[in-house]
Amino acid sequence: MRTDLTDLVGVRHPIVQTGMGWVAGPRLVTATARAGALGILASATMTPEQLRSAVREVRSRTDAPFGVNLRADAGDARERVRIIVEEGVRVASFALAPSRELIAELKEAGVVVVPSVGARRHAEKVAAWGADAVIVQGGEGGGHTGEVATT
């Protein structure tokens with residue numbers, strides 16, 4: 001199946017396995033990527049060193065595209081962005097909307113930027129800043145985008 005999402009991130013199926021803390025590690029992301037969907041590593045529950053190691057582990061198991069999920073409010077977000085860029089990760093997703101500067105840094109390196117949003121105005125804001133796509137998420141998705149449910 002070919003969609004705008006499959007073309008954007010280079011996967012066969014328009015399915016995104018989100019970066020769930022303590023769940024979305026190298027094994028799950030590798031299996032998802034091998035199946036043709038977009039696997040996303042959950043970096044918020046990893047140290048930067050663990051993140052780099054996890055990215056390399058996925059890369060050693062598959063050449064399929066995958067991504068890393070970041071918390072834009074993390075004190076070390078810039079360091080994690082640097083790891084994504086240095087390691088050649090295809091997609092950066094965010095649990096909270098990233099700053100204009102983080103988006104620009106990732107885009108300059110050719111990384112696809114996909115923040116999670118819970119409101120139309122947030123989608124419009126990150127789109128204006130250069131985000132490639134958004135994941136619309138309600139409160140049931142970890143509570144990062146507010147209390148309103150997706151449905």
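The values are calculated or read from the model by the stated rules, or taken from the named source; none is laboratory data. As the structure is a prediction and not an experimental result, all values here were calculated from the model. Positions of Cβ are generated from backbone atoms using ideal geometry, with glycine treated the same way; all protein chains shown enter the neighbour counts. Please note that ligands, DNA and RNA were not included when accessible areas were found on the heavy atoms of the full protein model with its side chains. Shrake-Rupley method; radii C 1.70, N 1.55, O 1.52, S 1.80 Å.
Of everything in region 21-38 that is hydrophobic (A, V, I, L, M, F, W, C) and farther than 16 Å from GLN50 by Cβ, the residue that is surrounded by the most Cβ atoms within 10 Å (Cβ to Cβ) is LEU38. As a summary of the residue check, ALA131 satisfies the conditions (1) open to solvent by 10 Å² or more (accessible area, probe 1.4 Å); (2) closer than 19 Å to ALA33 by Cβ; (3) in a loop (DSSP other than H, G, I, E, B) except for the one numbered (2).
Note on region 1-94: enclosed helices (runs of 4 or more DSSP H) holding 3 or more residues that are of a type in the set (Gly, Ala, Ser) are 48-61. Exactly one residue out of ARG56, ARG27, ARG34 is free of Cβ contacts under 8 Å to residues at least 12 places away in the same chain and basic (Lys, Arg): that is ARG27.
Selection over region 76-120 of residues that are closer than 18 Å to VAL11 by Cβ, touching a strand residue (DSSP E or B) at 6+ places or on another chain (Cβ under 9 Å) and either surrounded by fewer than 16 Cβ atoms within 10 Å (Cβ to Cβ) or not polar (S, T, N, Q) (or both) gives a count of 9.
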